[in-house]
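First the structure, in the form of structure tokens, and then the observations on it.
The values are calculated or read from the model by the stated rules, or taken from the named source; none is laboratory data. Values in this document were obtained by computation on a predicted structure and should not be read as measured data. Cβ sites come from the backbone with ideal geometry, for glycine too, and all protein chains shown count toward neighbours.
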Amino acid sequence: MVSKHGGDIFGRDIKLDFSVNLNPLGTPESVIRAVSESAADSDRYPDPYCRELTKKLSEHESISAENIVCGNGADDLIYRVIYTLKPRRAVIPKPSFSEYAKALCEVGCEIARHEPKDIPAALDTGADMLILCSPNNPTGRLVEPEALKMICEKCLENNIVFLCDECFIDLCENAGKCTVKRFMNDNIIVLKAFTKTYAMAGLRLGYALFGSAELAERVRDRGQFWSVSTVAQAAGIAALGETLYVETARKTIAEERKFLSDKLRDLGFEVCRSDANFILFRCDIPLDEMLLSEGIMIRNCSDFSGLGEGYFRAAVKLRSENEALVKAMEKVMKWQKT
């Protein structure tokens, strides 16, 4: 079985996983404590409406609690939104996260893939849903505020539901200027997750912000009743208090992204500009397979629509880990030449 996503380290001797893009500071201690303490409540069903967590999210995101839906990771919410709306024709960028297309195909939706620059024009071609990721996965680029504003206006004008995946945005320095929340209307859904921001991938906790409370209610009623575990809810509540942790992570990522980008260029790789906590680059050798011999995993991006062979993605981690990646790359490339 071949994984279509990063993070499948199981059954392998992996020392460093650069294939997933989590906060490099690791899971906050307050979250780990909350998980441990909430385990004592495992004999009770979790709150199906995530009441306390939703209240905290309402304060954190400055949006009414009735416009928030929590889920078992962002992936869960992608499927719940799409199964609720059952769009006939959707526009998505290329390249982009594969689960968008997978979920759309499951409801028989026609998919129109476009280069990011061509998205605004594509909104006049009869689509009823647009899915964008900002910053985009795997390119790491944020959608500029001016373009985002125009897209929001066109979606409202053409009655297109706009699902904007902002799961990585809280780790970006320009998050406040580039969030779609600035242009919120009834047709907008903002997808977010604790996975990346708080390094909580194993807990599976995501949420969506809806411009329409009525649509939020429809999505909330879709899918399994107890979608978020007790420990995940407790972890989320604890994580939302970690303001300094997130601010520190943003600064660290900005510094380390430049360091790693420069090192990759020094190695002769074609490096794409990124605003996120990961970097897309291109080289002409099977670098992912070669690095496995060093116990390091990066993401092979050849399965992303619009890319192809030779593209790889690496997470931005702490300096010692980034240096270990560069050292391993230098080593395997030396083997390649001999």
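Of all the residues that make up region 55-72, how many are within 17 Å of Q224 (Cβ to Cβ) and out of contact with any Lys or Arg (no Cβ under 6 Å at 6 or more places or on another chain)?
Count: 2.
So that you can scan it fast, the table gives a plain yes or no per residue for (1) at pLDDT 95 or above; (2) touching a helix residue (DSSP H, G or I) at 6+ places or on another chain (Cβ under 7 Å):
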site	(1), (2)
D8	no, no
I14	no, no
V35	yes, yes
Y45	yes, no
P48	yes, no
L53	yes, yes
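Just the residues that are surrounded by fewer than 18 Cβ atoms within 10 Å (Cβ to Cβ) and in a helix (DSSP H, G or I), please, taken from region 276-289.
Across region 276-289, the qualifying residue is only E289.
Across region 295-306, what is the total count of residues that are assigned to a loop (DSSP other than H, G, I, E, B) and without any contact (Cβ under 8 Å) to a residue 40 or more places away in the chain?
The first filter runs over region 295-306 and keeps only residues assigned to a loop (DSSP other than H, G, I, E, B), leaving 295, 298, 301-306.
Still in the running and without any contact (Cβ under 8 Å) to a residue 40 or more places away in the chain: 302.
Within region 295-306, residues that are assigned to a loop (DSSP other than H, G, I, E, B) and without any contact (Cβ under 8 Å) to a residue 40 or more places away in the chain number 1.
Restrict the check to region 123-133 and report whether at least one residue is modelled with pLDDT of 95 or more, surrounded by fewer than 19 Cβ atoms within 10 Å (Cβ to Cβ) and in a helix (DSSP H, G or I).
No, every residue in region 123-133 fails to be modelled with pLDDT of 95 or more, surrounded by fewer than 19 Cβ atoms within 10 Å (Cβ to Cβ) and in a helix (DSSP H, G or I).
Looking only at residues in region 258-275 that are part of a loop (DSSP other than H, G, I, E, B) and not acidic (D, E), which one is farthest from V316 (Cα to Cα)? Write out each step before concluding.
Going through region 258-275, the residues part of a loop (DSSP other than H, G, I, E, B) turn out to be 267-269, 272-275.
Now narrow it down to the ones that are not acidic (D, E): 267-269, 272-274.
Working: L267: 17, G268: 18, F269: 16, C272: 14, R273: 13, S274: 11 Å.
Ranking the candidates gives G268 first.
Which one of the conditions (1) modelled with pLDDT under 95; (2) crowded, with 17+ Cβ neighbours inside 10 Å; (3) under 22 Å from the mean Cα position of the chain (by Cα) does A314 fail to meet, given that it meets all the rest?
All conditions pass for A314, except number (1).
With the requirement that a residue be assigned to a helix (DSSP H, G or I), farther than 17 Å from T195 by Cα and either outside the structural domain of A193 (by TED's automatic domain parsing) or not hydrophobic (A, V, I, L, M, F, W, C) (or both), what does region 57-78 give you?
Keep residues of region 57-78 that are assigned to a helix (DSSP H, G or I), which gives 57-61, 65-67, 74-78.
Applying the additional criterion that residues be farther than 17 Å from T195 by Cα yields 58-59, 65-67.
Selection gives S58, E59, E66, N67.
Those residues that are within 14 Å of L163 (Cα to Cα), part of a strand (DSSP E or B) and among the hydrophobic types (A, V, I, L, M, F, W, C), I need them from region 87-118; list them, please.
If the condition is that a residue be within 14 Å of L163 (Cα to Cα), part of a strand (DSSP E or B) and among the hydrophobic types (A, V, I, L, M, F, W, C), then A90, V91, I92 are the ones that fit.
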